[in-house]
Amino acid sequence: MAKAKKPKRSGGRPQPPKAEPTTHQLRQEYYRLRAEREAMAELGLDLADREPPKGDASWWADTRDALDRLEIVHAVWRFAGLTGGAPEPEDWDTQHGWPSETEVLQVFKSWDEMLEQSGIGDAVFGELTRKLLDAHAAVAEREAAHEAARKRLEAEQRKLPELRRLAESARAKREEADGRARETAAQRDALERERDALTARVEELGRELAAARASHAAGAPVHDDLTHEVERLSGERDAAAAARDAAHAEIDRLRAAAEQDRRTIVELTRTLALVDVEDEAAAAEVVHAEDEPPGTVLEAVERAAAEARHLRFAPRAFETAAESPFRRPGLVLRTLRALDEMAERFAAGDMGKSLVQAASEHGITQYKQDVAETTRKRYEDEYTFTWEGRKLWVGPHVGLGSGSGAGFVARIYLHVADGSDDGVPRGIYVGVVGRHLPDTTT
């Protein structure tokens, strides 16, 4: 609302009060005014006969209302600029220079109408404030998630010494079991050789005994020593066969224990790798303590191929690996070793589940079953490789790393043969290692 302006103070030094007019000055002013009225009357402009002028009260009321509205709208925008939001009736305190709710209702029909006419609802800083608050909430949520992840990692890191000890203990048990299995296998082989020798001797003595009995029938005497020798050797042969069967049972038991130890080591290895997957040297030490982490993807493929017992590597796997700038070759080596273990189960037919589920059990979480058929047709040369003169397709693949760019992500593309194709034995073949092959999204 318009407020009465205060009189301005005169600047500079104080002004002296004006002197009162003298009687002579007042008389002269009276005669001057009377002469003017007489002159006006001669011109027919006698003001004494006219009605006094009147002002337009409605015009002045509209002006006052306009000024009041302008003052209130200005207060709305000023409040929003200071606080970032539209005011509510309880926000305005007259003691702090804001209009009262009563004054607003005198000018506008309601508080909401006052806000609507002010246009404050369309102000851009209101939207900016909301976006800022949303962004602040998102940042706080991410910080909380990061803090929870940090505490979880710290808790896992505290378990590392015990996990490493368990892994080493399981590895030592497996090596001991492997040693016992080798010794038992050697004993079994020796027993089998002894059994074969005894069998041959028994057969030879049997022939001699038959010849002796034939001679006896012709009248020649039969030697009892020969009969006893045949019986003794037959008993030794039976004992050797029993020892051989016991050795087989012991080997089976040791193999079962070694397989259990292997699975324990795999589980402990996967647990350790999850604690800090970025630590290439530590992860490599957990999986294969006797190894140094590979320096390149090609070195990782070469080492995996040299160690593999069931996983097969095509020549193109080495060619693509040599061109890969992937910065985590240790992850490539660990994944190929896990694929070799999975290939052993697949080759034996002992799956009982999908390859995706089996891969997850071996710590491979980014295993994809296949690629789109349209992708293979469009990029046929990229998705094929040659194996012993035959062209094979790749489709199943494993994703490695995270982020963007060939330095941070890589792929291992596979061919899974079920044995139905002539000349292609059942198994898993590594066709491409390295860059992400083109598809319909690239």
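The values are calculated or read from the model by the stated rules, or taken from the named source; none is laboratory data. Just so it is clear, the model here is predicted, and its values are computed rather than measured. For neighbour counting, all protein chains shown are included, and Cβ atoms are generated from backbone atoms with ideal geometry for every residue, glycine included. Heads up: the accessible areas ignore ligands, DNA and RNA and are worked out on the full protein's heavy atoms, side chains in. Shrake-Rupley method; radii C 1.70, N 1.55, O 1.52, S 1.80 Å.
Full extension of the chain segment joining Thr22 with Arg78 gains 14.7 nm, where the gain is 0.36 nm per residue of separation less the Cα-Cα distance. Evaluating kT/(6 pi eta Rh) at 37 °C and 0.692 mPa s, with the Kirkwood radius of segment 375-442 over Cα pairs in the Stokes-Einstein relation, gives 253 µm² s⁻¹. To the nearest µm²/s, what D does Stokes-Einstein give for segment 347-387 at 37 °C and 0.692 mPa s, using the Kirkwood radius over alpha carbon pairs as Rh? Taking Rh from Cα pairs, D becomes 262 µm²/s. Once the C-beta distance of Leu43 and Ala66 is scaled by a Förster radius of 41 Å, the resulting FRET efficiency is 0.50 to the nearest 0.05. The length gained by stretching the chain between Arg426 and Glu154 to full extension, at 0.36 nm per residue less their Cα-Cα distance, is 93.5 nm. Volume per residue of the convex hull around the Cα atoms, evaluated for segment 292-442, comes out as 112 Å³. Extension gain, Phe408-Asp245: 0.36 nm per intervening residue step, less the Cα-Cα distance, totals 53.2 nm. Computed from backbone phi, the HN-Hα couplings of segment 294-304 come to x, x, 9, 5, 4, 4, 4, 5, 4, 5, 5 Hz, rounded to whole numbers (Karplus: 6.51 cos²θ - 1.76 cosθ + 1.60, θ = phi - 60°; Gly and Pro given as x). Using R0 = 41 Å, the C-beta based FRET efficiency linking Ala185 and Thr384 works out to 0.45.
To the nearest 10, the accessible area of Thr22 is 70 Å² with a 1.4 Å probe. Here the dipole of segment 297-442 is about 340 debye; that uses its Cα centre as origin and unit charges on the Cβ of Lys and Arg (positive) and Asp and Glu (negative).
Each label was represented as a point 7 Å from its Cα along the Cα-to-Cβ direction; for Ala211 and Thr94 these points are 14.2 nm apart.
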